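Reading through the structure tokens given below for one structure.
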Amino acid sequence: MHKVQLGNSNYRASAVALGIMRMNALTAPEAATVLDTIKDVGINYIDSADIYGGGDSERVLGKALKRAGANRNDFFIQSKTGIVPARVIHRWARRRMVGATTFPSTTF
């Protein structure tokens, strides 16, 4: 899998990402199998958002990461925030950044 360097760091992320928009349709064991599969083929970049599955996709991902025995160095998780009115975006974005650092069911 082709990897790209992230800025000036020594980190390299896969050029292909796993999007978890519909991961809420899976059980944690099923999602853990997906994570094992993408890791086996060299994908280490996961695309997420708090609105995917009403937040359930991120919760399933957190449980799957734990179940798969993933650690901080296994995956890069990109998390976005949902559609928010301009007058409150700064408060929402700040709250979301703090929430993303305490990803559900992980030590990420």
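Rule-based calculations on the coordinates, nothing more; no lab input. This is a predicted model, so every value here is computed, not measured. Cβ coordinates were reconstructed from backbone atoms using ideal geometry, including for glycine residues, and neighbour counts include every protein chain displayed.
Per-structure values
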| quantity | calculated |
| --- | --- |
| Candidate aspartates and glutamates for bridging to LYS3, where Cα separation is under 16 Å - those fewer than 8 sequence places away on the same chain excluded | ASP40, ASP47, ASP74 |
| Difference of contour (0.36 nm per residue) and Cα-Cα distance, ILE83 to GLU30 | 16.2 nm |
| Formal net charge of residues neighbouring TYR11 (Cβ-Cβ distance under 13 Å; K, R +1; D, E -1) | +2 |
| The range 3-100, relative contact order in percent, only Cα pairs under 8 angstrom and at least six apart counted | 28 |
| Peptides 49-59, 12-22 ordered by average Cβ neighbours within 10 Å, highest first | 49-59, 12-22 |
